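The values are calculated or read from the model by the stated rules, or taken from the named source; none is laboratory data. The structure displayed is predicted, hence computed values, not measured ones. Note: ideal-geometry Cβ built from the backbone for every residue, glycine included; neighbour counts use all protein chains shown. For accessibility, only protein heavy atoms count, side chains too; no ligands or nucleic acids. Shrake-Rupley method; radii C 1.70, N 1.55, O 1.52, S 1.80 Å.
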Amino acid sequence: MMKLLKILFVLFLIVGCSRNQILEDLKIIESLGYDLEEDKIKGSASFHVHYDVPAGAPVKLLTAESETANGIFTTFTQQVQHPVAIGKTRTIIMGQPFANEGIKDLIDTLVRDPIVESNAKMAISKEEAAEVLNLSMKFPPYYLSDVIEQNITYGNTPKTNVHTVLNQFYGAGQDVYLPVLTIYESEKIMVDGLGIFKGDKLMMLLQDREAFLFKIIKDKNISGTYEFISKQKEKIFLKIMYGKRKISIKNTSQNPQVIIKLDLFALIKDYPRSLDLSKSKDVKQLSKKIEKELSTKIERLLEEFKERQVDPVGFGDLIRSEKRDWTQDSFNDQYPNLEFEIETKVNFLQKGVEG
Amino acid sequence: MKQKNKENYLVSTFFVFFLIHSSQTGIGLLNFQNTIIENAGHDSWISVIITGLSLHIILWMILTMVSNPTKDLLKIHQISFGEKIGNFLSVVVIGYFLLLALTVFRTYIEAIQVWIFPMIKTWELSLGLACLIIYIITGGFRTLTGISFLGVVLPSILLLTLYFPIQHANFRNLMPVFNHSILEIAQSSKASFLIFIGFESLLIYFPFIKHPSKSAKWAHGALAFTTFIYLLVTLITFVYFSQGQLKHTLWPTLAMIKIVEFSFIMRIEFIFIFTWLLVILPTVCIPIWCCTRILKKITKIKPRKSLYPIMFFILLCSIFIDDSLKVDALSKFTSEVGFYFIYNYIPFLFIIYSLRKSKFKSSEY
Amino acid sequence: MGGHGSLRNFIKQKNDSIHDLFKEVSKSDDFYQFSTKSSNELPIYFSYYKSLIDEKKIHHHLLPYIQSAEEVFTKLTDVMNAIPIEDREITSDPKVIINKLTKGYIFIHLTINPEKGILVNLSNGTKGYRDFNNAEHEYSVIGPNVGFVEDLDTNLSLLRRHIISKGLVFKEITKGSLSNTRVVIGYIDGIANPQHVQTMKQRLEDLDMDVIFDSSVLDQIISDNTNTPFPLFMSTERLDRTIYMLLLGQVIVISDGSPYVIGGPTTIFNFFISPEDYYSPWSVGSFFRLIRFIGVLFSILATPIYVAVLTHHYAIIPEDLLTPLIKSRANVPFPPLLEALFLEITIELLREAGGRLPTKVGQTLGIVGGIVIGQAAVEAALTSNILLIIVALAALASFTTPIFKMSNTIRILRFPLILLAAIWGGFGVTLGLTFILCHLMRLKSLGTTYLTPLYPFRYRDLNDSFIRSSLSVTTKRFTFFRPLKLHRYNVKKHKDIEDDYNNE
């Protein structure tokens, strides 16, 4: 046993310090941004300096230009005094032109690298990604990912992270969807809707309301807030707390028909005061209005998906799990003929303090 | 040649469960999903069940051969093929066990290099791990059993982390069930073999068990438990990853655990890999111990002397296998060799042994 | 002629040998001889080591009876009958004489150069030893605080008074070529496995040492493996812990001049049980025992994990902790390894120095060392305050083990792990932990594996290892000590307690 100890001791002396990644001697990148500029990839990275810096030395965004998705790191390394570490990168933002061109290269490198977190968020930005990142440097660390995370839990964004993106990108019968960030009043960063991809190219953008509808038909966490004005000019606002959803397919071979049943439990916050929600007649009336609104809007959304030939809800995958000899091409032929039938049921949880 | 070992070197029968289970669960569990979906896709969980169940027959054959009276593989070879050829075959078996140990050893170092320390050279990690392995094996069979026991009990906490991927699960990934032909499922069974080999070292350490007649239930139970764990991991992998994503993921089990995070610690897969050391240690140490034991019985070289050259050989090999392509090739090669050893050689040995054992009187044991 | 001559030579030799003995012994100034006259004017000589005997006993119990005896003394046996002390014998063997003289006996002879004389026991065994026996180093809040003292006879009497059973057997041997220390093996006959007693006896008889300073010297020589930092024999100062050892079937060794009793065979779990666990309800006792185990794990692992995470694995740290950690380490010029070693060694220095300082200086320096140095080190940016907290807590946690020897071991186990953490990060820590685990598995204490009942796994003996089960469960002794009788006591339900709800 003493022999072993001697070997270990000698080993300790041989070993150098170049493989250490000591915490404070790293540039820990919080968010990466990718933009497209005349066929070249323009990359940016935001980080925070956690200790006090002298006043005259501002902390600036790292920027780089390269041909490949990973080439930006070469230029990053040339700009900093510590090695660049991407192990704690929580957000990857892509500018719209970049997303339109195709994100396949980026995803291929993300798959290969075990150092990137599975729970990191990817997002599209309407403005340039570098601008968004620059703005985010003024906020506390990890602001962007917190914003997106918070919206996934409490807002109208369905759950996405690197894992779901990879799942959807490589999986059959499913298209990628990502949240969209935008700069609001030139100093706030806002989540605004969803971006739907076809393959690896960005195809359409959903607005916030449509994102809510998408969330309740796709996401496990059926929640969100929605407001609309009914045909009778009544303003209604509801907050879905939880719900149940059942999607089934009839007749998978010839003319498939999708039946979506939603059972929602909502809090009504704004409703026409002429109605008295302690009376079941009024409750029925209001809930019928809401159900009609939701069903029509969802159907419209799904028809739009059909038109643009994108399938973020995953009907392809649904049919694949029922049909024995499913192929992507056969689904592509079927998809335009898909019929939807939506049934929504809204239950009110509380009616407010006053009746 | 007395087959009964001294009382204080024996371990109680209860530990057969842990010995068999821990010698099977090795490094294969971390990346076997890629190989099995090549043929049967999302139905390969059936392949896992088939492989696991079929091994019970092989285990029964092994148990019949080594019991009544208690003997080990060398004696079986001598009975079946005569002394000279039997000993020669036993020496060949040394090579087989070395291959097993080397595969698990090198693949684990590879996992550490890919996931945690890309910059550390292979020889360093191998040297450190080799020192630990030497220390364990020089403790004797009882220490090996202790490591097997702790190598099952302590990492069982990791089973709890399997709960988290289920929250992201999409159960439709498993449907439609039985969408592949029997041939494809059988091919996947063969591909899944790497994770099941390891239990045949029972042939060598069986004389060290107290009350050998009672060991059958523990042995079969261990095999069933291993199959159950593998089935669980396979199913969870399939509901977590889509098939296409799985094809592109290296080390799926670790990628699955990446999603787990707590408020005080992120990246649980680091903890997972480190605890995995306890899981692979029995898988590496038991075959090496078997090699030194066979050498001791045939050539009378003392195990302490033969251990160091064996470890040096493994170190040298692991340094020469220096990129991941070679590691994959090694795993595939071991899987093939293991398949032929377990499915072809052991039944063959069983038949020859059953024919020739009646010619030996029990007093010659 | 030759035969008679040799016989006479032989007798002369014997006569001369006591004379030679006295000549040698007189070199030391505390060997005293005086004489007194009895009633018939016959001189009686007394020879003894002045430093060993109890002066009072000579004055009250010996001389009055001899000087004022009415009978006439003509030979030794008359003198012997007059002495009221029971431990007396007549001998002429110089070896026995010197042996007993050095034990505090007085040699009474009737001539200047005697052939034989009476040896009377007038020793004062407890002179110079403390006579209060609080268990100072193994303190417990509740329960008796009785500890052993340096005098062997006091210790034996304490034991006898608590185990009032004929089964308690003491076997005495003398070890140590210079010190001739009395070493006693104790066990309960009928419970302790005779193999253990035999092994203990064999090992003690085989050992050779010049001075037995303390029972830990015996511990180190007879232990199964001297290269391990783990204590292989239990060493305790408390009476109740010793009694617990005896009744479980362990064998104890008491050495004269040492208040610590060693016992074996032990398992590692014995070192984490405290008498207070048994004097509190079982849920409270179990909770504190679990806290002890967690404290030990924390103490070994906290600093290595800090070094490993900060040197290699920054990705594990949650985002909210990044800012405090980086801020605290921003101005520290050393890598985490050196910082951790610096702090750990400072704490060890404080502990070593604190044990040797006189009390008054010690208190002040404790405050200075603990608070001021720590604070100043952080201000001077030599260390980070997070590491200071971790190291201080780990140091505190290492003292939760009731047995001092085990807490010493825990203290030093940390350092190799810190080094391994700096080289190989988390992989190094795991390697080190597995190494320690494997080492523990190979240890044997008097033939019993050190990690029982964890490995080899005995389910029924786990009831007193990690938790302290209620007394109604611990009715059987541990099987791994192989006692002759397993049954300890019976459990009876209370006759007067009923189930209220069913009966109301």
Subject >> When residues of the range B:115-126 are limited to those that are part of a helix (DSSP H, G or I) and crowded, with 19+ Cβ neighbours inside 10 Å, the one farthest from the other protein chains (Cβ to nearest Cβ) >> reply: B:T122
Original post:
Is it the case that the range C:224-247 has a residue that's modelled with pLDDT of 90 or more, more than 24 Å from C:N408 (Cβ to Cβ) and either out of contact with any helix residue (DSSP H, G or I) (no Cβ under 6 Å at 6 or more places or on another chain) or aromatic (F, W, Y) (or both)?
Top reply: yes
Original post:
In the range C:449-469, what count of residues is obtained for those that are more than 10 Å from chain B (Cβ to nearest Cβ), β-branched (V, I, T) and open to solvent by 10 Å² or more (accessible area, probe 1.4 Å)?
Top reply: 1
**OP:** Can you confirm whether the range C:300-317 contains a residue that is within 30 Å of C:R241 (Cβ to Cβ) and among the small types (G, A, S)?
**Re:** yes
**OP:** Looking at (1) surrounded by fewer than 23 Cβ atoms within 10 Å (Cβ to Cβ); (2) of a type outside the set (D, E); (3) at pLDDT 90 or above; (4) touching a helix residue (DSSP H, G or I) at 6+ places or on another chain (Cβ under 6 Å), find the lone condition where A:F228 falls short.
**Re:** (3)
**OP:** Scan the range B:1-41 for residues that are more than 23 Å from B:F339 (Cα to Cα) and not hydrophobic (A, V, I, L, M, F, W, C) and jot them down.
**Re:** B:K2, B:Q3, B:K4, B:N5, B:K6, B:E7, B:N8, B:Y9, B:S12, B:T13
Original post:
Which members of the range B:6-29 meet the condition of being among the hydrophobic types (A, V, I, L, M, F, W, C) and more than 17 Å from B:A101 (Cβ to Cβ)?
Top reply: B:L10, B:V11, B:F14, B:F15, B:V16, B:F17, B:F18
Original post:
Of all the helices (runs of 4 or more DSSP H) wholly in the range A:85-197, which have at least 2 residues that are in the same structural domain as A:T75 (by TED's automatic domain parsing), open to solvent by 20 Å² or more (accessible area, probe 1.4 Å) and over 26 Å from B:Q245 (Cα atoms)?
Top reply: A:129-136, A:143-154
Original post:
Restricting attention to the range B:212-220, does a residue exist that is open to solvent by less than 20 Å² (accessible area, probe 1.4 Å) and of a type in the set (F, W, Y)?
Top reply: no
Subject >> Unique residue being among the hydrophobic types (A, V, I, L, M, F, W, C), open to solvent by 10 Å² or more (accessible area, probe 1.4 Å) and more than 9 Å from every other protein chain (Cβ to nearest Cβ) when the list is B:L278, B:L232, B:L250, B:L202 >> reply: B:L232
**OP:** For the range C:175-227, name all the residues that are of a type in the set (K, R) and part of a helix (DSSP H, G or I).
**Re:** C:K201, C:R203
Original post:
Of the residues that sit in the range A:171-187 and are over 13 Å from the mean Cα position of the chain (by Cα) and modelled with pLDDT of 90 or more, which one is nearest to A:I115 (Cα to Cα)?
Top reply: A:T182
Original post:
Does C:A353 qualify as being away from chain A (no Cβ under 14 Å), open to solvent by less than 50 Å² (accessible area, probe 1.4 Å) and assigned to a helix (DSSP H, G or I)?
Top reply: yes
**OP:** Please work out which residue is most open to solvent (accessible area, probe 1.4 Å), limiting yourself to the range C:223-252 and to residues that are of a type in the set (V, I, T) and more than 14 Å from C:P265 (Cβ to Cβ).
**Re:** C:T226
**OP:** Could you look through the range B:7-45, keep only residues that are open to solvent by 10 Å² or more (accessible area, probe 1.4 Å) and acidic (D, E), and pick out the one that is nearest to the other protein chains (Cβ to nearest Cβ)?
**Re:** B:E7
Original post:
What is the number of the single condition among (1) β-branched (V, I, T); (2) more than 8 Å from every other protein chain (Cβ to nearest Cβ); (3) open to solvent by less than 40 Å² (accessible area, probe 1.4 Å) that B:I166 does not meet?
Top reply: (3)
**OP:** Working carefully through the options B:F272, B:F262, find the one that is open to solvent by less than 20 Å² (accessible area, probe 1.4 Å) and of a type in the set (A, V, I, L, M, F, W, C).
**Re:** B:F272
**OP:** Report yes if some residue within the range C:66-78 is aliphatic (A, V, I, L, M) and assigned to a strand (DSSP E or B); otherwise report no.
**Re:** no
Subject >> Where A:E303 falls short, out of the listed (1) touching a strand residue (DSSP E or B) at 6+ places or on another chain (Cβ under 8 Å); (2) free of Cβ contacts under 8 Å to residues at least 60 places away in the same chain; (3) buried (at least 16 other Cβ atoms within 10 Å of the Cβ) >> reply: (3)
**OP:** Please go through the range C:294-311 and pick out each residue that is within 10 Å of chain A (Cβ to nearest Cβ) and either touching a strand residue (DSSP E or B) at 6+ places or on another chain (Cβ under 6 Å) or open to solvent by 10 Å² or more (accessible area, probe 1.4 Å) (or both).
**Re:** C:V309
Original post:
Assuming C:S472 fulfils every condition listed in (1) open to solvent by 40 Å² or more (accessible area, probe 1.4 Å); (2) within 14 Å of chain B (Cβ to nearest Cβ) apart from one, which condition is it?
Top reply: (2)
Original post:
In the range C:202-217, how many are closer than 19 Å to C:T409 by Cβ and open to solvent by less than 10 Å² (accessible area, probe 1.4 Å)?
Top reply: 1
Original post:
Mind checking whether some residue in the range B:86-99 is within 29 Å of B:I204 (Cβ to Cβ), at pLDDT below 90 and open to solvent by less than 20 Å² (accessible area, probe 1.4 Å)?
Top reply: yes
Original post:
Among the residues of the range B:282-295, is any touching a helix residue (DSSP H, G or I) at 6+ places or on another chain (Cβ under 9 Å) and either acidic (D, E) or exposed (fewer than 15 other Cβ atoms within 10 Å of the Cβ) (or both)?
Top reply: no
**OP:** Among the residues of the range C:86-95, count how many are surrounded by fewer than 14 Cβ atoms within 10 Å (Cβ to Cβ) and within 10 Å of C:V120 (Cβ to Cβ).
**Re:** 3
**OP:** With the condition kept exactly as written, say whether any residue in the range A:63-71 is in contact with a Leu (Cβ under 8 Å, 6 or more places away or on another chain), away from chain C (no Cβ under 14 Å), in contact (Cβ under 8 Å) with a residue 40 or more places away in the chain and not in a helix (DSSP H, G or I).
**Re:** yes
Original post:
Given (1) open to solvent by less than 20 Å² (accessible area, probe 1.4 Å); (2) facing chain A (nearest Cβ under 9 Å); (3) at pLDDT below 90, where does B:L132 come up short, assuming only one miss?
Top reply: (3)
